[in-house]
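The values are calculated or read from the model by the stated rules, or taken from the named source; none is laboratory data. The structure presented is a predicted model; accordingly, all values stated were derived computationally and were not measured. Every residue, glycine as well, gets a Cβ built from its backbone with ideal geometry; the counts of neighbours run over all protein chains shown. Just so you know, the surface numbers come from the protein's heavy atoms only, side chains and all, with ligands and any DNA or RNA stripped out. Shrake-Rupley method; radii C 1.70, N 1.55, O 1.52, S 1.80 Å.
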Amino acid sequence: MKLKKNSKIKLMKKIIKELKKKIKYHEYLYYVLNEPKISDETYDNMLKKLSKLEKKNPHLIKKNSPTIKITGQINKKFKKITHKIPMLSLKNIYKKKDFLNFKNYLKKKLSKKKIINLCCELKIDGLAVSIIYKNGILKKAATRGDSEIGEDITNNIKTIKKIPLKITANNIPKYLEIRGEVFISKKNFELLNKQKKKKIFSNPRNMAAGSLRQLNPKITEKRKLEFICYNVNLKKEKIKTNSHFKTLIMAKKWGIPICKHTKIYNKTKDILNYYSKKLKKKNKLNIDVDGIVIKINNKKYQKKLGETTKFPRWAVAYKFPSDETETKIIKIKFQIGRTGIITPIAQLIPILLSGSIIKNVNLYNIKEIKRLKINIGDSIILKKAGNVIPKIVKVIKKNKINKKEIINIPNKCPGCNNDLKIKNNLSIIKCTSGLKCKAQLKAYLKYFISKQSYNIIGLGNKTIDKLIENKIIKSSIDILNLNINMLTNINNIKIKKAKQIIKSINQAKKIKFSNFLYSLNINGLGKTNAKNIATKLNSVKRFLNVNFKKLISIKKIGKKTAKNIIKYIYKNKKIIKKLNKKIYIIYEN
Ligand SMILES: [Zn+2]
């Protein structure tokens, strides 16, 4: 019996030890190397798991546990600076329920009757720093480090233009600590990543950190770092205010940048509203923001609540749902577009990402595959760019089990078996068979019936594929010639459905001129260009007889598009005339 218990303890010890090792490894990646491989949420979940295990086995808790202290964050190449007040991090919360719990906790700890003002701020995804001013002169600056000791980055901080080296005002305190976030704007991040030839940073935080934690301040200076103050610490001074917000306003008067989005609320409803508004807006901001910070505004109350070894009890970071996640590549498919260009698509283990399930992700071209060093079986980080299109950010774990599964770049078209044309060092792979290629025809017809073209409802992708496979449709005009019999001869289409489709086709024959031009599938002729040409030319006849000079005089039509249009008209005059007889065009001007 005793032996059994002993081995159980041993096992638990081992589990905890391994989990701690894993957490510390990821802390090292995040804090020291600025190259995280997992999302914050995944990290927090590991920490939660450890905390649970430790609660069940309190005898196994050690002082150096990551639940008690953030570890291993100081890079030895820097001098050390001890923080007078520890620079703690914030407790992360992810759900509305967690926020309500936080609010209830505050009410319980402070008096129930009092109104508790909460200061809501943007949580900028940058690097926390502490800057010390003595008699208005910038003396020292340090990173958070392990919260007690940070790295001396004074000379680097001095290169940030928005941080004053000297504060001049009447009421400058003898001792002043400014805490805030150093970051890089999204615009500058993109610009710098384009300029840099060797190392590409994966996100603005990682670039800001890499630029600040530099031995050479000249490099820091070039990176155009920015700063926003989120906390002001004063020693006992003449300035008497308990309002955190008021100290921020004071800092602003001294020339220290603060965030203009900061607001004070006391109602739950208002704070939740602030959260959802900022979440909606976050992609439009020029700063990477990953949540909001909610703090008690009254510094007296802050003191009363105090802190744990890791977090203050009077504040939380209410994080936005992650638009990054991890999954695995199962397969690489090659998809043929309506212009014959072949695009590699990665098929993924389906994963939920900011509200939608992602099964496939576009890899654009072979060059991109090579740049990301992607292979089948690799684990990757997926991100929603601009919160819409998912994109692979990087590979986090190479597939080691089956090295044989390398990507086969096709040299023959999977749609028509013709040789493929490869251009620009693999960035363009193209099938040149035109609409004789079944795959291209399929892609084109899906475009032809889309909302911006003919807007035909009820013809699904599968039906189109079948109509082409059965040779009922060989070109776009055949769609306009479909009848009920043709449709019901295809499996699974019932007469009622067929009638609906035919009705939609007949309605679609009345088409706006710009939609008609767009539906032709001319290289470079998007919706805007189609509209501009439609209003200028105003008839099919004029379009068929247009010359190069006239085309480039039209708004936004460049030489390349104009050439494509002329070439297209020359090749397709007959089909355009045929289509024109089948339909009724509505001119827009
Ligand atoms: Zn082909």
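With unit charges on the beta carbons (Lys and Arg positive, Asp and Glu negative) and the dipole taken about the Cα centre of the chain, which residue among ASN521, ILE490, LEU353 sits farthest to the positive side? After comparing all options, I get LEU353. Extension gain for ILE457 to LYS22 (0.36 nm times residue separation, less C-alpha to C-alpha distance): 151.3 nm.
Taking all protein chains as they are arranged and a probe of 1.4 Å, the heavy atoms of THR67 leave approximately 40 Å² accessible to solvent. Provide the FRET efficiency to the nearest 0.05 for the ASN6-LYS370 pair, computing r from the beta carbons and using R0 = 60 Å. For ASN6 and LYS370, the calculated efficiency is 0.65. Each residue was assigned an accessible area with a 1.4 Å probe, and for VAL32 the value is about 20 Å².
Suppose every Lys and Arg Cβ carries +1 and every Asp and Glu Cβ carries -1, with no other charges. What dipole size does the range 108-150 come out with about its Cα centre, to the nearest 20 debye? Please list the in-between numbers first.
Working: 10 positive and 4 negative charges, 98 e Å.
Rounded to the nearest 20 debye, it is 460 debye.
Put a dot 7 Å past the Cα of ARG542, heading toward its Cβ, do the same for TYR570, and the two dots end up 2.4 nm apart. With both labels modelled 7 Å from their Cα along Cα-to-Cβ, the LYS79 to ASN589 distance reads 6.9 nm. Given their separation in residues at 0.36 nm each and the Cα-Cα distance between them, GLU41 and LEU100 gain 19.3 nm when the chain is fully extended. Full-extension gain between VAL393 and LYS218, please, as 0.36 nm times their residue separation minus the C-alpha to C-alpha distance. Stretched out fully, the VAL393 to LYS218 stretch lengthens by 60.1 nm.
Given R₀ = 25 Å, what would the calculated FRET efficiency be for ASN283 paired with ASN523, taking r from the Cβ atoms and rounding to 0.05?
Details: r = 30 Å, r/R0 = 1.22.
Efficiency at R0 = 25 Å is approximately 0.25.
The local environment of GLY136, defined by Cβ-Cβ distances under 11 Å, has a net charge of +4 under the rule Lys, Arg +1 and Asp, Glu -1. Distance from the C-alpha centroid of the range 479-499 to that of the range 132-211: 67 Å, rounded to the whole angstrom. Summing +1 for each Lys or Arg and -1 for each Asp or Glu among the other residues whose beta-carbon sits under 11 angstrom from that of THR488 gives +4. For the range 346-494, taking the reciprocal of the average inverse distance between every pair of different Cα atoms yields a Kirkwood hydrodynamic radius of 18.4 Å.
Assuming R0 = 35 Å, can you tell me the calculated FRET efficiency for the pair LYS158 and ASN242, based on Cβ-Cβ distance, to the nearest 0.05?
Working: r = 32 Å, r/R0 = 0.91.
Computed FRET efficiency for LYS158 and ASN242 comes out at 0.65.
Per residue, the solvent-accessible area of the range 2-60 (1.4 Å probe, heavy atoms of protein chains only, all protein chains present) comes to 73 Å². Summing charges over neighbours of LYS80, with a neighbour being any other residue whose Cβ is under 15 Å away from its Cβ, gives +3 when K and R count +1 and D and E count -1. Computed with a 1.4 Å probe over protein heavy atoms only, the accessible surface of the range 318-387 comes to 45 Å² per residue. As a fraction of the 1.4 Å probe accessible area of the range 461-589, surface on carbon and sulfur atoms comes out at 49 percent.
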